[in-house]
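Chemist: Shown below is the structure under consideration.
Every read-out reported here was derived from the displayed coordinates using simple, explicitly stated rules and does not represent laboratory data. Everything numeric in this text was worked out from a predicted model, so none of it was measured. Cβ placement follows ideal geometry from the backbone for every residue including glycine, while neighbour counts extend to all protein chains displayed.
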Amino acid sequence: MSKKGVLLVNLGTPDSTKVPDVRKYLREFLMDKRVIDIPFLNRWMLVNLIIAPLRAPKSAKEYERLFDEKGSPLKYYGFEVRDKLQGKLDSNYKVELSMRYQNPSIEEGLKALKNCTSIHIIPLFPQYASASTGSVQDKVMEIVKEWQVIPNIKFTSQFFEEELFLETILDNAEKLMADTEYDHFLFSYHGIPERQITKGAIDGFCQFGECCNSLTEKNRYCYRAQCFETTRLLVQKLGLPEGTFSNSFQSRLGKTPWIQPYTDEVLVDLANRGFKKVLAFSPAFIADCLETTVEVGETYQEDFKNAGGEQWDLVPSLNVEEKWVECLKEIVLN
């Protein structure tokens, strides 16, 4: 019987915490023209002569803090979600998992679905960005253009407005809020260079200011505006009053301007303003990874306490929560 293919795609992870594996991952990741969007020769020299050689040993130590006896949470949670989603769909569907960088590759995933009548690609990034969702779409098209027969292919570009996605975050947050009375809530999203938003702006609409205060047809694919909208939706569900929450962006790299405000600066400001107990959210990520568990959960916690804060907690990722898998099922069927 002909099947409908579903390909879940996350960012990726090194095969191990060994420096050569981390260096290999960084090279593939950062050589992506949508991640570091500068001319090829400049990008090659920057990545291969500076970033990968110098950053790999430090990154390997950070990955050691993340990996456990099962390996990378991003990967093993990914396989578990794949299997759970497969169990929720009927026998007409075939679900595969791929990583944009390293293993299992998108090429492997597409090969396993090549004989399907259709393939639904779901990049596991709630908000659209050229460097994440756009990169997955780019890679998929690069591969299938060589096929003699190309089946119907559908992309889900964003899902931050999905009710079950929001409810899963809400459920995880309320478990922590039941035990602690937080005085501030910080929504930290992965950052991207401002130029990547400017290049995709419609009629020069994006100004990195009040234009992000509402989502319209002109900024529907502006990553910053989508992040702000994600926060608005969660704040509404949590019933948080104005002044008790903030947006910020983390993980910036290099000296060019990235979207602001920056998380590492915001958390110090919160401590200086007298906020003692902060609950942090990472709504741009669906599974435990370096940017959530280590950066937000550990490094920022230490920075906040060093600045005078008392308690910093991180809302758990969606990982394999039942509502999250049900959300993916709805995305596939609807």
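Chemist: Roughly speaking, what is the centre-to-centre gap between region 21-54 and region 106-125 when only Cα atoms are used, to the nearest Å?
Modeler: First find each Cα centre; the distance between them is then 26 Å.
Chemist: Please state, rounded to one decimal and in Å, the Kirkwood hydrodynamic radius that the chain gives when every pair of distinct Cα atoms enters the mean of 1/r. Show your work: numbers first, answer last.
Modeler: Working: mean 1/r = 0.0481 Å⁻¹.
After inverting the pairwise mean of 1/r, the radius is 20.8 Å.
Chemist: For region 246-287, what are the per-bin percents of Cα-Cα distances with bins 10 Å wide, up to the bin holding the maximum?
Modeler: Calculated over all Cα pairs of region 246-287, the distribution is 24, 50, 24, 2 percent.
Chemist: Next question, about the same structure. Among 104, 39, 126, whose mean-square fluctuation peaks in a Gaussian network model of the chain (Cα, cutoff 10 Å)?
Modeler: Sorting by GNM fluctuation, first place goes to 39.
Chemist: For the residues 105, 2, 72, what sequence is obtained by ranking on other C-beta atoms within 10 Å, fewest first?
Modeler: 2, 105, 72
Chemist: While we're looking at this one, here's another question. Answer rounded, prolate or oblate for region 188-273, using the Cα gyration tensor with square roots of eigenvalues a ≥ b ≥ c: rounded when a/c is under 1.5, else prolate when a/b is larger than b/c, else oblate.
Modeler: Oblate.
Chemist: Region 211-251: which GluC sites (Glu not before Pro) are DSSP loop and have at most 11 other beta-carbon atoms within 10 angstrom?
Modeler: 217, 242
Chemist: Loop-only check: which trypsin sites (Lys or Arg not before Pro) in region 240-334 are DSSP coil with at most 12 other Cβ within 10 angstrom? Could you put the intermediate results ahead of the total?
Modeler: Details: sites: 252, 255, 273, 276, 277, 305, 323, 329; in loops: 252, 255, 273, 276.
Hits after loop and neighbour filter: 255, 273.
Chemist: Also: Which loop-located GluC sites (Glu not before Pro) does region 254-331 contain, where loop means any DSSP state but H, G, I, E or B and the Cβ has at most 13 other Cβ atoms within 10 Å? Don't jump to the answer; show the numbers that get you there.
Modeler: Values: sites: 265, 291, 295, 298, 302, 310, 321, 322, 326, 330; in loops: 310, 321.
Those satisfying the criteria are 310.
Chemist: While we're here: Across bins of 5 angstrom width beginning at 0, how are the C-alpha pair distances of region 163-314 distributed, in whole percent?
Modeler: Using 5 Å bins, I get a P(r) of 2, 9, 19, 21, 21, 16, 8, 4, 1, 0 for region 163-314.
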